[in-house]
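Reading through the structure tokens given below for one structure.
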Amino acid sequence: MGRIRREALLIAYSSGNFGKNIVWSGADLTLLFLLINLFDVPPGLAGTLLLLAMAADIVIDLAAGRLNAGARKLGIRYATLMLASAPVCAAAFALLYALPAIGEASLPAVVALLFLFRIGYGLVDVPHNAMLPGVTRGMPARSRVAGYRFFFSSLATLMVAMWVVPGMAGPWSVRTKPLRPFLLAARASSSMVE
């Protein structure tokens, strides 16, 4: 494989971090807002739910790692696991954010979708990360991929800050008042980039 083609493959692999980070950063940024402002979950309970979800991420990632290792021994490729898990992640993510529009605000539904989203995400994220040794040869290539992945993750975070954060600064609720300085700073910085 030619050098340019090999580098293009590394960049293509690394660009997966863009999609993962759009979803993860968007969820991290908006879930607390969603729970408190659209589902009327008390702030303390909303924070506790997110803390439990983050703690569950540890278990989910470990389980996903074991699942990936077991699947690999059976000849199932990482890409196959990712393709099977991505629709679960996407559907749970979309349904979680669609609940207010369809008038469903029950806490059990919100919690179930939140954890289903986290499970689906872990089943995409862990195999994607595990693919790194298979797409690189040696430390120099892995170092470049680390840089490419960081670039795509940063680009996704910037896009979330430019488009999601300003949208959250709208006329939602008095409860967003503590966030206003952050939201206004994000809106100002996104205006400078545009």
*Note the full-extension length gain between A109 and I4 as 0.36 nm times their separation in residues minus their Cα-Cα distance, in nm to one decimal.*
33.0 nm
*Compare P43, P127, P140 in a GNM of the chain, Cα atoms joined below 10 Å, and give the one with the largest fluctuation.*
P140
*Dipole of the stretch 47-152 [Lys/Arg +1, Asp/Glu -1 at C-beta], most positive-end residue of G47, V126, A109*: V126
*asked:* Quick check: net charge around Y121, other residues with Cβ under 15 Å of its Cβ, Lys/Arg +1 and Asp/Glu -1?
replied: -2
*So for the pair K73, M139, with labels modelled 7 Å out along Cα→Cβ, what separation do we get in nm?*
3.2 nm
_Is there a quick way to get the dipole size of the stretch 37-144? I mean about its Cα centre, with the Cβ of Lys and Arg at +1 and of Asp and Glu at -1; what is the value in debye to the nearest 20?_
780 debye
*If you count, for each residue, the other Cβ atoms within 10 Å and average over each peptide, how do 64-72, 32-40 line up from highest to lowest?*
32-40, 64-72
_Summed side-chain charge close to S25 - residues other than S25 whose Cβ falls under 15 Å, Lys, Arg +1, Asp, Glu -1_ = 0
*Mind checking which of L35, F152, N21 is farthest towards the positive end of the chain's charge dipole, using Cβ charges of +1 (Lys, Arg) and -1 (Asp, Glu) about the Cα centre?*
F152
*Convex hull volume of the stretch 1-116 per residue (C-alpha atoms, cubic angstrom)*: 125 Å³
*GNM, the chain, Cα, under 10 Å: largest mean-square fluctuation among I102, I76, I60?*
I102
*For the chain, what is the mean residue ellipticity at 222 nm derived from helices alone (per DSSP H run of n ≥ 4: -39500 (n - 2.57); sum divided by total residues; nearest 500 deg cm²/dmol)?*
-28000 deg cm²/dmol
_Shape of the chain, Cα gyration tensor, a/c cut at 1.5_ = oblate
*Given charges of +1 on the Cβ of Lys and Arg and -1 on the Cβ of Asp and Glu, with all other atoms neutral, how large is the dipole of the chain about its Cα centre, in debye to the nearest 20?*
860 debye
_the stretch 26-85 - convex hull of the alpha-carbon atoms, volume per residue in Å³_ = 89 Å³
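Readers should treat all values here as calculations from the given coordinates under stated rules, not as data from a laboratory. Just so it is clear, the structure is predicted and the values come from calculations on it, not from any experiment. Cβ atoms come from the backbone with ideal geometry, glycine included; neighbour counts cover every protein chain shown.
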